[in-house]
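To start, the structure under review is shown below, and the notes come after it.
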Amino acid sequence: MKKILERTMKCFINRRPVVVLRADEPVSSAISILPELDTGAACVIDSRENLVGIVTVRDVLKRVMSAGLDPQKAKISEIMTASPRTVSVDDCIHETLDIMTSSGYRYLPIMDSGTVVGMADIRDLYEAIQSLLHQKVEYKASLMARMFSEPYGYDPHTLSDSLVQSGRAG
């Protein structure tokens, strides 16, 4: 498990496109593009292409829709989370998970030399860990099957039957 969590965020780059919106765009831009690209968050940049915020579907629901703002008139800069916490491509999965869970973030921009190169989504992180653990379990199961099969060892069915008969089974 330790090796899995020590993998870096590089493995999350190019998993899906990074959605980037400008701070001066209307919120309606986020409303149309986020569902279209099947993502829950977008990075927000200024006119100099610097990361200045992050906007999520939740931001739109809480700060626009429930407040009765007009999505055509409200600007993304008015509802975004400004100066978001970021992670580096060299940060480990466990460091990113620690930041996300301790701070309640679902998304974090992934940076490389000051440029946004990806978006960490907590669901993707857990899915990756689950997948890697599944692979590890499958590998160990295949090793065990080979160890206990002829001609290397015992047939697992015969072994469990003989353990039950001898009274040594759990």
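Please treat every number below as a calculation from the coordinates, not as lab data. Just so it is clear, the model here is predicted, and its values are computed rather than measured. Methodologically, a virtual Cβ is constructed for each residue, glycine included, from the backbone with ideal geometry; neighbour enumeration extends over all protein chains shown.
Fully extending the segment from Ser102 to Thr115, taken as 0.36 nm per residue of separation minus the present Cα-Cα distance, adds 2.2 nm. Given +1 at the Cβ of Lys and Arg, -1 at the Cβ of Asp and Glu and no other charges, the dipole of the range 16-109 around its Cα centre is 300 debye to the nearest 20. Close amide-amide hydrogen proximity is noted between Val52 and Val44, Ile45, Asp46, each under 5 Å apart and 5 or more residues distant or on a separate chain (H modeled in the peptide plane; Pro and chain starts excluded).
The translational diffusion coefficient of the range 2-121, from Stokes-Einstein at 20 °C and 1.002 mPa s with a Kirkwood hydrodynamic radius over alpha carbon pairs, comes to 146 µm²/s.
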